[in-house]
Amino acid sequence: MSRILVLQHVAAEPLGTLDPLIRARGHRIRYVNFERQPEATPCMDRYHGLIVLGGPMNVEEHRQRPHLLTEMHLIEQALAQDKPVLGICLGSQLLAHVLGAPVRRHRQSEIGWYDLDTTPAGRSDPVLQPLGERAPVFQWHSYTFDIPRSAEHLAMTRSCENQAFRYGNNAYGFQFHLEVDEVLVRRWLSLPAYRDELLAAGLGHGPEEIERLTLDRVARMQEIAEPVFGNFLDKIGKPQRKIALRSHL
């Protein structure tokens, strides 16, 4: 049985649909919620993989939020031990930063639904291949990263070029949120701080439009997300027998 360390920043941004996919495979999850345990100092030695989730803070806040330095050290440990790493949104920015790439405020926030285009490397990537050439994804970020040196650029949107990368064989950064479902999207839209960020971004669409598009697109994204996450989880450890994952979502 494989053990996965999951770094969470706020209660509102959990594993989402990734949680039942992991549990259906028999993996054990250890959450470290830095909102509740800012002084936590886990070690990668006991774990077979690392997942770093999103959050409303940014890499540059590491002086005010020392746990971000703890997370960077954990990412370094996982890379040194050649253990699979998945960074989602803030997690992807932390991974890029550890690999020496700049992370900065983007010229335009992405909040809501966007078409993700894969690069040739993304279309042949062993994890992202199920995305095909284009797929709908959910976004919520105002920062972006450069693609780290020696990493493969895997995906882009029209408004933000650097959306996904792979470093080596096991480390992935996803700027987008494949893990959300309708309930989680509505939860984010109901939180005052998140709602204020959306309205301040001046994107030309508000909560009502995002909710409408969610009803239309979330099922398609989940159909794609399941095999993508499955491919990544295969790197941590394949299940002993085939399990019908769809029933768990």
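All of the numbers you see were taken from the coordinates with simple rules; none came from a lab. As the structure is a prediction and not an experimental result, all values here were calculated from the model. So basically every Cβ, Gly included, is an ideal-geometry build from the backbone, and we count neighbours across all protein chains shown.
Pairs of Cα atoms under 8 Å, at least six residues apart: use those to get the relative contact order of region 113-155, whole percent.
Contact order relative to length: 52 percent.
So, with +1 on the Cβ of K and R and -1 on the Cβ of D and E, and no other charges, what is the size of the charge dipole of region 78-164 about its Cα centre, to the nearest 20 debye?
Computed charge dipole of region 78-164: roughly 240 debye.
Taking θ as phi - 60°, what are the ³J(HN,Hα) couplings along region 196-201 by the Karplus curve (6.51, -1.76, 1.60), each to the nearest whole Hz, with x for Gly and Pro?
5, 4, 4, 5, 6, 5
With r as the distance between the Cβ atoms of ASN169 and GLU60 and R0 = 41 Å, compute the FRET efficiency 1/(1 + (r/R0)^6) and round to 0.05.
0.90
Measuring from centroid to centroid over Cα atoms, what is the spacing of region 1-67 and region 95-146 in Å?
When both Cα centres are located, 20 Å separates them.
Using the basic label-point model (7 angstrom from Cα toward the beta carbon), what is the LEU191 to ARG107 distance in nanometres?
2.9
So what is the orientation-averaged projected area of the chain, using the convex hull of its C-alpha atoms, in nm²?
12.4
Taking amide hydrogens as modeled 1.01 Å from N in the peptide plane, which residues meet the under 5 Å criterion relative to PHE165, leaving out close sequence neighbours?
LEU154, GLY173
Applying the Karplus parametrisation 6.51 cos²θ - 1.76 cosθ + 1.60 with θ = phi - 60° to the phi angles of region 56-61, what ³J(HN,Hα) value in whole Hz is obtained for each residue in order, glycine and proline being reported as x?
Residue by residue, region 56-61 yields x, 8, 10, 4, 5, 8 Hz.
In region 122-235, with Lys and Arg counted as +1 and Asp and Glu as -1 at Cβ, which of these residues, ILE224, PRO136, PRO148, has the Cα nearest the positive end of the dipole, that is, farthest along it?
PRO148
In whole Hz, what ³J(HN,Hα) sequence does region 27-44 give by Karplus (6.51, -1.76, 1.60; θ = phi - 60°), x for Gly and Pro?
Each residue's phi maps through the Karplus curve to give 6, 9, 10, 10, 7, 10, 9, 6, 5, 8, 10, x, 9, 4, 9, x, 10, 6 Hz.
Would you calculate a helix-derived [θ] at 222 nm for the chain, using -39,500 (n - 2.57) for each DSSP H run of n ≥ 4 and dividing by the full residue count, to the nearest 500?
-10500 deg cm²/dmol
Using DSSP loop states and a limit of at most 11 other Cβ atoms within 10 Å to flag trypsin sites (Lys or Arg not before Pro), what is the longest stretch of the chain containing no flagged site?
Answer - 37-148.
If I take every Cα pair under 8 Å that is 6 or more residues apart in region 85-146, average their sequence separation and divide by the length, what percent do I get for the relative contact order?
After rounding, I find 43 percent.
Explain nothing, just the number: dipole magnitude of region 19-85 about its Cα centre with +1 on each Lys and Arg Cβ and -1 on each Asp and Glu Cβ, in debye rounded to the nearest 20.
With Lys and Arg at +1 and Asp and Glu at -1, about 360 debye.
Using modelled backbone amide H atoms (1.01 Å from N, in-plane), which distant-in-sequence or interchain residues come within less than 5 Å of THR119's amide H?
Close amide H contacts, sequence-distant or interchain: ALA155, MET156.
Between SER159 and ARG30, what is the label-to-label distance in nm when each label sits 7 Å out along the Cα-to-Cβ direction?
Between SER159 and ARG30, the label points sit 3.9 nm apart.
Can you give the local net charge around GLY122? Use residues other than it whose beta-carbon is closer than 14 angstrom to its beta-carbon, Lys and Arg +1, Asp and Glu -1.
For residues surrounding GLY122, the net value is -3.
How large is the charge dipole for the chain, taken about the Cα centre, if only the Cβ atoms of Lys, Arg (+1) and Asp, Glu (-1) carry charge, to the nearest 20 debye?
760
Amide H neighbours of LEU86 under 5 Å, at least 5 residues apart or on other chains, H built in the peptide plane: list them.
Result for LEU86 returns LEU50, ILE51, VAL52, TYR172.
Given contacts defined as C-alpha pairs under 8 Å and at least six residues apart, what's the relative contact order of region 97-249, whole-number percent?
Over region 97-249, the number comes to 23 percent.
Let me know the whole percent of all Cα-Cα pairs from region 82-159 that are separated by more than 22 Å.
Tail fraction, whole percent: 23.
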